[in-house]
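Values quoted throughout were computed directly from the atomic coordinates according to the rules given, and no laboratory measurement underlies them. Note that the structure is a prediction, hence the values are computed from the model and not measured. Ideal geometry is used to build each Cβ from the backbone, glycine not excepted, and the neighbour counts take in all protein chains shown.
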Amino acid sequence: MLVVTFLLSVGILTSEGASYIGGAKCKMCHIKQFKSWENTVMAKSFDNLKPGVKAAEKKKAGIDPNKDYTADAGCLKCHTTGYGKGGFKSIAETPGLANVQCEGCHGPGSDYSQLMKANKEFKLSEAKAKGLVIPSEDEKGCMACHGADSPFIEKVDAKYKFNFKERLKTTHEHIPLKYKH
């Protein structure tokens, strides 16, 4: 119990028990998906918080383009993985969770990754029971960042309007898995 309390206090473990492991660990089994994700805007989302990056868009949205937002809690919740949920803390403490990675959409991976390691032919229902989120089944996770709270949705241009079904097609290529689940 002492170990669990410590892991919760330093943010390595979430309150639900599962921890964020980072996309580098997901990559070990899902290399094709990872390589596809690397080419998305989600894979580079943390960089957008740096001063001078996307300056025209920031200005149009009414935010200071010269400000450093890399420690701004309002921005980190959508530009990192697991911020405020036991994941990303800061770029110094948890650099492996910068950007919107696999677990940003699929949930903290420690529990379901253990299932996958133990049995390559696990049932999808087993992985879901361990916390795996399938974004195509529920858009709530996406809308947490792509909803009305974003300063870009209405103020910048049409590309920031979020269409759940269309965006699923461009998040990363949904490459068939090696094993049937």
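Assorted remarks:
- Linear extension gain, Thr40 paired with Glu93, 0.36 nm per residue minus alpha-carbon span: 16.7 nm
- For the range 2-171, the fraction of alpha-carbon pairs lying more than 25 Å apart is 35 percent, rounded to a whole number.
- Each peptide in 101-113, 55-67 receives the mean, over its residues, of other Cβ atoms within 10 Å, and ordering these scores from highest gives 101-113, 55-67.
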